[in-house]
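Chemist: A single structure is presented below for examination.
Laboratory data are not the source of any read-out in this text; all were calculated from the coordinates shown. Only a predicted model underlies this, so the values are computations on that prediction, with no experimental measurement involved. Note that each Cβ is placed from the backbone with ideal geometry, even for glycine, and that neighbours are counted across all protein chains shown.
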Amino acid sequence: MNANVGIVIVSHSPDVARGAADMVRQMVGDDVPLAWCGGAPGGGLGTNVEEILAAISRAWSDAGVAVLVDLGGAETNTEMAIEMLPDEKQASVVVCDAPIVEGAVMAATEASAGSSLEEVRRTAEELKPA
Amino acid sequence: MLHEVGLHARPSVKLTQLAKSFSSRIEFASAADGPWTDAKSIVKVMKTRTPKDALLHFRAEGADAQAAVNALIALVERDFETGP
């Protein structure tokens, strides 16, 4: 079990999601549970609820999971995935309103220090233009 | 500030992670009279865009303040443990 908040990256593009996850691993290290998903089954762009659910479960932490998304469907599908979680887990997953790459690195840096889910989200969202 | 590229992404992450391992309030600045930046805030640290060759000043307040400053100076002297 990991005490640090987990990070999930959801992009329409598997390359973007994998690349953002690589940046987190190389910059922040291995102290944060991390998972990514993205892309349609046929190889094109897309996101889907089942893969997002699987990614949330791979990055699961009792401290909670912060999700970074890119555009439109990534956010709505993530919200659907969260609604499909058991009731007691739903409150432990948040979608951060932050740019996907920068937000993932900021959120993971905060998470690596053992911060709470709310602190992790706040740090990722600090990036938003004023 | 011995790092060749300045406080870019990876050095900023290292500095913030180390600062957060201490309980003291920790700030740094690139001039002795400030402005001072909270070393525990990754977003604020990156926003300073501290260039290479800047002389970093650290100050800390709290039970482990001296240890924190010593550790941060050591991190800078180790070039933030980042490879070339």
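Conditions tested, residue by residue: (1) over 13 Å from the mean Cα position of the chain (by Cα); (2) of a type in the set (V, I, T); (3) over 20 Å from A:I52 (Cα atoms); (4) surrounded by fewer than 21 Cβ atoms within 10 Å (Cβ to Cβ).
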site: A:A91; (1), (2), (3), (4): yes, no, no, yes
site: A:C96; (1), (2), (3), (4): no, no, no, no
site: A:P99; (1), (2), (3), (4): no, no, no, yes
site: A:G103; (1), (2), (3), (4): no, no, no, no
site: A:G114; (1), (2), (3), (4): yes, no, yes, yes
site: A:V120; (1), (2), (3), (4): no, yes, no, no
site: A:T123; (1), (2), (3), (4): yes, yes, yes, no
site: A:K128; (1), (2), (3), (4): yes, no, yes, yes
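Chemist: When you look at A:G29, is it surrounded by fewer than 24 Cβ atoms within 10 Å (Cβ to Cβ) and either touching a Phe, Trp or Tyr at 6+ places or on another chain (Cβ under 6 Å) or within 14 Å of chain B (Cβ to nearest Cβ) (or both), yes or no? Give the derivation first.
Modeler: Values: surrounded by fewer than 24 Cβ atoms within 10 Å (Cβ to Cβ): yes; either touching a Phe, Trp or Tyr at 6+ places or on another chain (Cβ under 6 Å) or within 14 Å of chain B (Cβ to nearest Cβ) (or both): yes.
It is true that A:G29 is surrounded by fewer than 24 Cβ atoms within 10 Å (Cβ to Cβ) and either touching a Phe, Trp or Tyr at 6+ places or on another chain (Cβ under 6 Å) or within 14 Å of chain B (Cβ to nearest Cβ) (or both).
Chemist: Still on this model: Could you list, ordered by first residue, the pairs with Cβ atoms under 8 Å in which the first is in the stretch B:14-40 and free of Cβ contacts under 8 Å to residues at least 12 places away in the same chain and assigned to a strand (DSSP E or B) and the second is aromatic (F, W, Y) and surrounded by 14 or more Cβ atoms within 10 Å (Cβ to Cβ), at least 6 apart or interchain?
Modeler: Once the first residue is free of Cβ contacts under 8 Å to residues at least 12 places away in the same chain and assigned to a strand (DSSP E or B) and sits in the stretch B:14-40, its partners that are aromatic (F, W, Y) and surrounded by 14 or more Cβ atoms within 10 Å (Cβ to Cβ) give B:T37/B:F28.
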